[in-house]
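A quick write-up on the structure given underneath.
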Amino acid sequence: MPSLLDPIDLRGLRCPNRVFMAPLTRQRASQPGDLPGELQAEHYAQRASYGLLIAEATWITEEGKGYPNTPGVRTPEQVAGWRIVTDRVHAAGGRIFLQLWHVGRVSHCEYQPGGGAPVSSAAVASKAMITLVRADGTRERVPATLPRALRTDEMPRVVEDYAHAARNAKAAGFDGVEVHAANSYLINQFLSGSLNRRDDAWGGSVENRLRLLLEATHAAAEAFGYARVGVRLSPMGSVTDLPPADDDREVYVRAARELGRAGCAYLHLFNHFWGERGWEGPFDLALAQEMKREFGGPVVMNGYGRDVAAAQHDLDRGLADAVAFGKLAISNPDLPERIARGAGLAAWDESTFYASGAAGYNDYARMK
Ligand SMILES: Cc1cc2nc3c(=O)[nH]c(=O)nc-3n(C[C@H](O)[C@H](O)[C@H](O)COP(=O)(O)O)c2cc1C
């Protein structure tokens with residue numbers, strides 16, 4: 001079985017190791033304009049030795065935004081900002097995908113164009129609390145705004161938003177994109193049997209609920225080819241505010257099968273071991289195994305906290321082909337080298353996860 005440090009071929013993209021950087025929202029886009037730039041370029045370039053960098057969730061359209069100071073990939077200025085990032089990463093020898101994000105109902109009218117309602121598969125409020133930043137810089141947490149259900153005739157436009165974002169990501173120099181279909185955001189809201197009881201072609205049956213995922217992925221593939229489009233799913237529940245449904249298992253197994261058939265770069269599964277309390281589950285080993293079998297291509301697993309041995313164990317038992325580290329990537333810009341040398345791992349500082357500037361972002365030291 002491979003080691004974390006062995007190279008992996010992602011359907012033609014050669015990655016020098018299997019230690020990937022998970023997508024991490026850090027809310028440091030510059031204003032006005034939600035722009036990435038030099039700050040992000042330095043951050044990702046510092047981490048260029050990871051097998052693959054999956055850059056932070058990035059809104060594809062204003063309607064898809066729900067968090068402060070998160071970057072977009074919609075405007076020419078944002079594309080130019082991302083170009084600075086990808087150039088720096090490539091100059092440092094790295095590979096970088098962009099995570100395409102539409103939050104759906106996990107938003108607030110203050111983020112929406114014209115102050116309107118956020119959109120979703122159904123007009124049911126998210127239980128998420130939304131962070132607003134006031135003009136004086138203070139932060140406030142408020143309940144998500146009641147969304148409206150997207151109309152059937154709007155769905156092609158939503159799919160086009162993914163296509164547009166993927167074209168922009170390509171123009172910005174990314175090696176590929178990851179479709180964010182996890183963590184209770186828009187695509188997850190369409191997959192969900194507990195929420196999406198629409199009676200049009202985009203809801204109700206499992207086949208219909210899969211439609212937005214598959215069409216958005218196809219739209220991204222029009223720009224990159226399927227071999228450069230990964231998909232992130234969170235089939236194991238828990239941090240999401242979407243209640244479980246009886247047919248979740250069928251949805252996720254079918255998603256894996258369809259995405260594998262299309263030839264996606266990888267399937268990225270977030271296991272939700274989230275947090276400091278260790279393995280928080282619920283981890284469904286049989287479901288993960290079945291999805292891997294059905295997908296038939298590279299599977300990236302995530303959710304190990306600081307437990308590198310557990311990640312290697314998933315490679316050993318054939319559950320994962322590569323792993324993505326989130327919090328460890330925040331505090332260890334040279335994680336692959338640290339693993340290679342058996343060196344200690346630096347601890348992360350949660351107080352600077354979502355902050356501004358380089359502190360807690362670009363000042364984590366490399367090993368001596
Ligand atoms: C600060 C922070 C920001 C995150 N942002 C994103 C994101 O933009 N997109 C996403 O899919 N997951 C996001 N996540 C989840 C992580 O990608 C990852 O799934 C989670 O941290 C568990 O992995 P870990 O145990 O290696 O940290 C975020 C997590 C943290 C802690």
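Annotations
- Test: residue in the range 251-266 that is within 15 Å of the ligand (Cβ to nearest atom), more than 15 Å from SER184 (Cβ to Cβ), buried (at least 19 other Cβ atoms within 10 Å of the Cβ) and at pLDDT 90 or above: yes
- Just so you know, in the range 348-362 the residues that are free of Cβ contacts under 8 Å to residues at least 40 places away in the same chain and more than 10 Å from the ligand (Cβ to nearest atom) include one that is surrounded by the fewest Cβ atoms within 10 Å (Cβ to Cβ), and it is SER351.
- Whichever residue in the range 278-298 is assigned to a loop (DSSP other than H, G, I, E, B) and at pLDDT below 95 and, among such residues, is farthest from ARG249 (Cα to Cα): GLY278
- Test for ALA219: is it under 28 Å from ALA55 (Cβ atoms) and among the small types (Gly, Ala, Ser): yes
- Boolean, ALA163 is surrounded by 14 or more Cβ atoms within 10 Å (Cβ to Cβ), among the small types (Gly, Ala, Ser) and within 15 Å of the ligand (Cβ to nearest atom): no
- Pair list, Cβ < 6 Å and 6+ apart or interchain, from the range 45-56 residues that are over 7 Å from MET21 (Cβ atoms) and within 12 Å of the ligand (Cβ to nearest atom) to residues that are part of a loop (DSSP other than H, G, I, E, B) and modelled with pLDDT of 95 or more: GLU56/PRO23; GLU56/LEU24; GLU56/THR25
- When VAL177, VAL231, VAL253 are checked against the criterion of being in contact with a strand residue (DSSP E or B) (Cβ under 6 Å, 6 or more places away or on another chain) and within 24 Å of GLU290 (Cα to Cα), a single residue qualifies: VAL231.
- Any hit, the range 63-73, residues being in contact (Cβ under 8 Å) with a residue 12 or more places away in the chain and more than 16 Å from the ligand (Cβ to nearest atom): yes
- In the range 126-152, the residues that are among the basic types (Lys, Arg) form Cβ pairs under 7 Å with partners that are exposed (fewer than 15 other Cβ atoms within 10 Å of the Cβ), at six or more places apart or across chains, as follows: ARG134/GLU140; ARG141/MET129; ARG148/ALA123.
- Filtered by the rule that a residue be in contact with a Phe, Trp or Tyr (Cβ under 8 Å, 6 or more places away or on another chain) and under 22 Å from HIS108 (Cβ atoms), the range 156-203 gives HIS180, ALA182, ASN183, TYR185, PHE190, ASN196.
Yes/no per residue for (1) in contact with a Pro (Cβ under 8 Å, 6 or more places away or on another chain); (2) at pLDDT below 95; (3) more than 11 Å from the ligand (Cβ to nearest atom); (4) in a loop (DSSP other than H, G, I, E, B):
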| site | (1), (2), (3), (4) |
| --- | --- |
| VAL300 | no, no, no, no |
| ARG306 | no, yes, no, yes |
| ALA309 | no, yes, yes, no |
| GLY318 | no, yes, yes, yes |
| VAL323 | no, no, no, no |
| ILE330 | no, no, no, no |
| ILE339 | no, no, yes, no |
| ALA343 | no, no, yes, yes |
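- The listed residues are ALA117, ALA122, and the only one of them that is closer than 18 Å to ASN188 by Cα, small (Gly, Ala, Ser) and part of a loop (DSSP other than H, G, I, E, B) turns out to be ALA122.
- Evaluation of GLY104 against the conditions (1) at negative phi; (2) part of a loop (DSSP other than H, G, I, E, B) shows that the sole unmet condition is (1).
The values are calculated or read from the model by the stated rules, or taken from the named source; none is laboratory data. In this text, all values refer to a predicted model and were calculated from it rather than measured experimentally. Heads up, the Cβs are rebuilt from the backbone with ideal geometry, glycines too, and the neighbour counts pull from every protein chain shown.
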